[in-house]
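> Here it is: the structure, laid out below.
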Amino acid sequence: MQDVLDRSYKGLMNVIDSFANSSASIQHSPSANKKNVEESNYIYAEDNYMDAVLNNPVTSITLRTIANRFYGKQIEEIIQNCSRLSKDNYPKLWESYRNCCSVLNIKKIPILYITSRLKGINALSVEMNKEQIILLSLPAVVMLGEAELRFLLGHELGHIQQGHLIAHTVQGLLEDLNKRAELLGPIITDIVDVPLNRWYRTSEFTADRAGFLCCQDMNAIISLFQRLGLSTSVSSISYLGELSSAHPLSCTRLERLKEYK
């Protein structure tokens, strides 16, 4: 395991300069409140500043190698004990999922697995060997209404459509490396983690917009956040914590959605 960690560390350090250089000032403004489903039109501002890095062939291969090395086996084990969504086993969910893909103009429909390995109401989009996959928890299927499910599915499809998956995996890996290496922590935090967290937060806003396009129901989104135990109000302390976190506050996510709506 230590050898894997060392190799991954070296690979990450090779792309740190690219992350740092790409995070400073490049910004892209989305088309103003267009609700058509061209994939670029629902992107939240600043969401694209890492595109040049992620589209670099060397960087892309490095990140995919790291992701597969660290998480590939875990995902394979989960998939082996999953039920693959089809029109036969979950016909209503299948119809909703296909409709979400149609709304977002996604031609190649990602494989969706329903699993009891994800706890609570949860969904996760991953990439394995260049194959995009969505994992949906069984409690989500059982407990959520149709509109809530459509938001959850649309959110994950948004991550896939915008190419967020590898960067999200690396962000999770950086958190793991911070815990494992005391000396690495300050380096990652100062050079990579803070700008990457900023990108991660805006990628969540983008994915939320995709979810909204699929469900078109703010009340359902608020209901889902409440089911997840996410606060829809903000305090000054929680706001300050948000600035250094990869995960935006739910109230901030709702505000951004209302602006888009």
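The values are calculated or read from the model by the stated rules, or taken from the named source; none is laboratory data. The model shown is predicted, which means the values in this text are computed figures rather than measured ones. Please note: Cβ atoms are built from the backbone with ideal geometry, for glycine as well, and neighbour counts cover all protein chains shown.
> Check whether at least one residue in the stretch 137-153 is in contact with a strand residue (DSSP E or B) (Cβ under 8 Å, 6 or more places away or on another chain) and in contact (Cβ under 8 Å) with a residue 60 or more places away in the chain, and report yes or no.
Quick first cut of the stretch 137-153, residues in contact with a strand residue (DSSP E or B) (Cβ under 8 Å, 6 or more places away or on another chain) only: 137-138, 140-141, 152-153.
Now drop any that are not in contact (Cβ under 8 Å) with a residue 60 or more places away in the chain, which leaves 152-153.
There is at least one residue in the stretch 137-153 that is in contact with a strand residue (DSSP E or B) (Cβ under 8 Å, 6 or more places away or on another chain) and in contact (Cβ under 8 Å) with a residue 60 or more places away in the chain.
> Select from the stretch 107-134 the residues that are touching an Asp or Glu at 6+ places or on another chain (Cβ under 9 Å) and in contact (Cβ under 8 Å) with a residue 60 or more places away in the chain and write down the one among them that is nearest to Ile75 (Cα to Cα).
Here the answer is Met128.
> For the structure I just gave you, tell me whether Arg198 is out of contact with any Pro (no Cβ under 8 Å at 6 or more places or on another chain), assigned to a helix (DSSP H, G or I) and at pLDDT 85 or above.
Working: out of contact with any Pro (no Cβ under 8 Å at 6 or more places or on another chain): yes; assigned to a helix (DSSP H, G or I): yes; at pLDDT 85 or above: no.
So Arg198 fails the test.
> Output the qualifying pairs, or none if there are none: Cβ atoms under 8 angstrom, residues six or more apart or on different chains, first residue in the stretch 190-203 and under 22 Å from Glu255 (Cβ atoms), second residue in a helix (DSSP H, G or I) and modelled with pLDDT of 60 or more.
Asn197/Gln171; Trp199/Ala167; Tyr200/Ala167; Tyr200/His168; Tyr200/Gln171; Ser203/His159; Ser203/Ala167; Ser203/His168
> Pull up the stretch 209-228, narrow it to residues that are out of contact with any Pro (no Cβ under 9 Å at 6 or more places or on another chain) and within 14 Å of His159 (Cα to Cα), then point me to the one that is surrounded by the fewest Cβ atoms within 10 Å (Cβ to Cβ).
First pass over the stretch 209-228, keeping only residues out of contact with any Pro (no Cβ under 9 Å at 6 or more places or on another chain): 210-228.
With the extra rule that they be within 14 Å of His159 (Cα to Cα), the set shrinks to 210-214.
Values: Ala210: 27, Gly211: 27, Phe212: 25, Leu213: 22, Cys214: 27.
Per the criteria, the residue is Leu213.
> Next question. Given the structure, is Thr232 modelled with pLDDT under 90 and either within 18 Å of the chain's Cα centre (by Cα) or acidic (Asp, Glu) (or both)? Show your work before the answer.
Values: modelled with pLDDT under 90: yes; either within 18 Å of the chain's Cα centre (by Cα) or acidic (Asp, Glu) (or both): no.
When the stated conditions are applied, Thr232 does not pass them.
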